[in-house]
Amino acid sequence: MIIHWIVRPLVDDSIHSSSLESEYVDPLNEGLFVTDLAGSVVTVNATFCRITGYEPSDVLGLHLLEMNSTVQGDGVLEGVWGQLPATGGWQGEVVGRRKNGEVFPEWLSINAVRGNDGDVVGYFGIFHDLSGLQESEQCLSRMAYYDVLTGLPNRHLFNDRLRMALSNVRRSGKRMGLFFIDLDRFKQINDSLGHGVGDELLISVAQRIKSVIREVDTVARLGGDEFSVILPNLKDRQDAALVASKILEACQPAIHIGSHHLLSSPSIGIALFPENGDDESSLLRRADLAMYRAKAEGGNTYRFFEQGDEGDADSLTLETAFRAALKRDELYLVYQPQMAADCTEIVGVEALMRWRHPEFGEVSPNVFIPIAEWTGAITEIGHWVIRAACRQMAEWRDAGIPIHRVAVNISPRQLRAQNFSKIVIDELLASGLPGSALELEITESELMLYPEITLNKLAELRSYGISIAVDDFGTGYSNLARLRALPIDRIKIDRSFVLDIEADVNAQAISSCIVTLAKAMNLEVVAEGVETHGQLEQLVHQGCDLIQGYLFGRPMTPEVLNTWFHEDGAETQR
Ligand code: C2E
Ligand code: CA
Ligand code: CA
């Protein structure tokens, strides 16, 4: 229909352009215009008029450059126009002007229109008004970088700052300190006096820590009652000890909340660059281990990391056990349904890994995936997951069970492996599946970190029909301009926003921003972690396409899912 609409006025002289509006419906959210070979506008759609304020009669016959002037005067569009006969198409951001003179940013794509004999007969342009989008983008990044409760940088901004601080000290040859802070007895206070009191306490502690550190230092809330401080240029060890003592001192006085006088002391673990590690994750891990030692010694104190700390940690036993897990068949996959937003059918499933250890019992992937990442085991295990998920999917298809797609989580290290796309494509082909039956979930932060490297891999995978979903969206950099350049199909709103969507206006605003952004980019939106009908209602109202969460189904083994599918399934959920 759209192609028809574009081509007909150019090839069929008998049509009078202005009559087109009524004849053809306007199915798009994008403004559209068609020009002849010389660049004169022959037709525009209704959205064009809505966005620009022009009537068709205002612009028909005008040259493209007169109509859609780039006000920066940088000649972008003139340059593009000159090159069009050679390039055949162009897209990018330009500044448009409405009839009332107002300027607005637009995402414009211009393409050649070819007649039946293959010759270029004109051009058509599609554009999207980005002005609303930029606001959404700004609001998203504001909220995504700061902790709503305390106003401190959140984990994501923290990671960013830590990375920057490290690259600075590496260059300058200075030292850096990293604190991991955890409040003693916070859980008891929170459980016995309620979340309201717990929240007030966190706000006070945040202020107190902030009051004793310097401008150049960063204090962030990592989540719950965990804080971290980055001291980006440290003279010596003594310097770090001094800051830690100041924090302890500032936290000593009782905090008055309502009728309560609360004492909540911190435990502080300190890791130093370069002596305790030279990358983010080893420094964090060691500051964390030192914090546990501080707690073990009674809390309300600080401890520097010492070599001996590492051997004590549980993680070492787990690490050893995990190396054997794959060989001993202790790993298996469970599958969680993703429903269409109208709740009528299961569109796909997400494969989630499980580890059943003979002694430890079920170990959470949140515990063992990071271990697999550190040790490098993730490459082998990740490969196993792709194979197992593809085989299971093929089995479902053979059995006629209407699950269209399986989504597999891909960890950073896996994605960075050079032969990653080959592994995926080989497994897909070996299982006899079409590419559309496989989706890869990659976290937003990973995609943003190395977009150039990732781009080619994703493009290759997508050429096989494999789709790409951005996992945990909203928690990372949320840089739309960079995301736009990547070949992706859908984004998954992080569970943390869904969790609060009924009560917290911030979470509501974030998820609605995400949906707006996604729609403008023609991406589908999946909401995950949906547990209540209230959440479902909000998300559907905002325009989410797919819903995943305990409300519809927990992650299940294939056997359970098969029965669930036959007995319960979509029907009972309506
Ligand atoms: P994720 O990819 O964000 O997966 C979603 C997590 O949310 C899963 O936890 C799922 O069980 C849980 N979930 C789903 N619906 C609900 C709900 O309604 N309420 C609540 N409270 N939780 C819900 P799970 O299975 O523990 O996985 C945790 C994380 O471990 C995953 O987060 C993913 O990052 C990682 N992971 C799991 N399997 C794999 C894997 O095969 N490969 C890789 N690289 N990572 C995996
Ligand atoms: Ca996931
Ligand atoms: Ca997720």
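The values are calculated or read from the model by the stated rules, or taken from the named source; none is laboratory data. Remember, predicted model here, so these are calculated numbers, not experimental data. With ideal geometry, Cβ positions are generated from the backbone for all residues, glycine too; neighbour counts draw on all protein chains shown. SASA here: full protein model, heavy atoms, side chains in, ligands and nucleic acids out. Shrake-Rupley method; radii C 1.70, N 1.55, O 1.52, S 1.80 Å.
Would you kindly derive the ³J(HN,Hα) couplings of segment 269-284 from the backbone phi angles with the Karplus curve 6.51 cos²θ - 1.76 cosθ + 1.60 (θ = phi - 60°), listing them in order in whole Hz, with x for Gly and Pro?
My calculation for segment 269-284 gives x, 10, 10, 10, 9, x, 5, 9, x, 10, 9, 4, 6, 6, 5, 5 Hz in order.
I'd like the orientation of helix 378-398 relative to the chain: the angle between its Cα long axis and the longest Cα principal axis, in ° from 0 to 90, rounded to 10.
50 degrees
Among Pro555, Val540, Val41, pick out the residue whose Cα is farthest towards the positive end of the charge dipole of the chain, where Lys and Arg carry +1 and Asp and Glu carry -1 on C-beta, about the Cα centre.
Pro555
If packing is taken as the average number of other Cβ atoms within 10 Å across a peptide's residues, how do 161-173, 264-276 rank, most packed first?
The peptides rank, most packed first, as 264-276, 161-173.
Could you do me a favour and compute the accessible area per residue for the chain, 1.4 Å probe, result in Å²?
Ligands and nucleic acids excluded, the result is 46 Å² per residue.
Any of Lys210/Lys492; Lys174/Lys210; Lys187/Lys492; Lys246/Lys295; Lys422/Lys519 with alpha carbons more than 28 Å apart? Name them for me.
Violating the 28 Å limit, Cα to Cα: Lys210/Lys492; Lys187/Lys492; Lys422/Lys519.
Within the accessible area of the chain, what % is carbon and sulfur when the probe is 1.4 Å and the other protein chains stay in place?
The computed percentage sits at 50.
Would you work out which of Gly308, Gly400, Ala290 lies farthest towards the positive end of the dipole of the chain, given +1 charges on the beta-carbon of Lys and Arg and -1 on that of Asp and Glu, about the Cα centre?
Gly308
Work out from phi, with θ = phi - 60° and the Karplus expression 6.51 cos²θ - 1.76 cosθ + 1.60, the ³J(HN,Hα) of each residue of segment 56-67, listed in order in whole Hz, and give x for Gly and Pro.
So the Karplus estimates, Gly and Pro as x, are x, 5, 5, 10, 4, x, 5, 7, 3, 6, 6, 6 Hz.
What ranking do 285-297, 324-336, 250-262 get when scored by the average of other Cβ atoms within 10 Å per residue, highest first?
The packing order, highest mean first, is 285-297, 324-336, 250-262.
As I understand it, the dipole of the chain uses +1 on the Cβ of Lys and Arg and -1 on the Cβ of Asp and Glu, about the Cα centre. Which of Leu499, Ser264, Ile468 lies farthest toward its positive end?
The residue sitting most towards the positive pole is Ser264.
Taking amide hydrogens as modeled 1.01 Å from N in the peptide plane, which residues meet the under 5 Å criterion relative to Tyr146, leaving out close sequence neighbours?
Asn154
What list of ³J(HN,Hα) couplings, whole Hz, do you get for segment 294-301 from phi and the Karplus terms 6.51, -1.76, 1.60, once you set θ to phi - 60° and write x for glycine and proline?
Along segment 294-301, the couplings run 4, 5, 4, 8, x, x, 6, 7 Hz.
Would you mind checking the tilt of helix 533-542 against the longest principal axis of the Cα atoms of the chain, expressed as 0 to 90 degrees and rounded to 10?
40 degrees
With equal scatterers on the alpha carbons only and no solvent term, can you work out the Debye log10 of I(q)/I(0) for segment 325-572 at 0.07, 0.08, 0.13, 0.14 1/Å?
-0.22, -0.29, -0.82, -0.96
Sum -39500 (n - 2.57) across every DSSP H segment of at least 4 residues in the chain, then divide by the residue count to get the 222 nm mean residue ellipticity, nearest 500.
Helix contribution divided over all residues of the chain: -14000 deg cm²/dmol.
Any idea what the dipole of segment 393-470 comes to, in debye rounded to 20, about its Cα centre with Lys/Arg Cβ at +1 and Asp/Glu Cβ at -1?
The dipole magnitude comes to about 100 debye.
Remind me, what semi-axes does the chain give for its equivalent ellipsoid, largest first in whole Å, using sqrt of 5 times each Cα gyration tensor eigenvalue?
49, 31, 24
Charges at C-beta only: +1 for Lys and Arg, -1 for Asp and Glu. How large is the resulting dipole of the chain about its Cα centre, in Debye rounded to 20?
1680 debye
Report, in debye and to the nearest 20, how large the dipole of segment 146-310 comes out about its Cα centre when Lys and Arg carry +1 and Asp and Glu carry -1 on their Cβ.
420 debye
Determine one quarter of the surface area of the Cα convex hull of segment 146-310, which equals its mean projected area, and express it in nm² to one decimal.
Seen from a random direction, the Cα hull of segment 146-310 projects 9.0 nm² on average.
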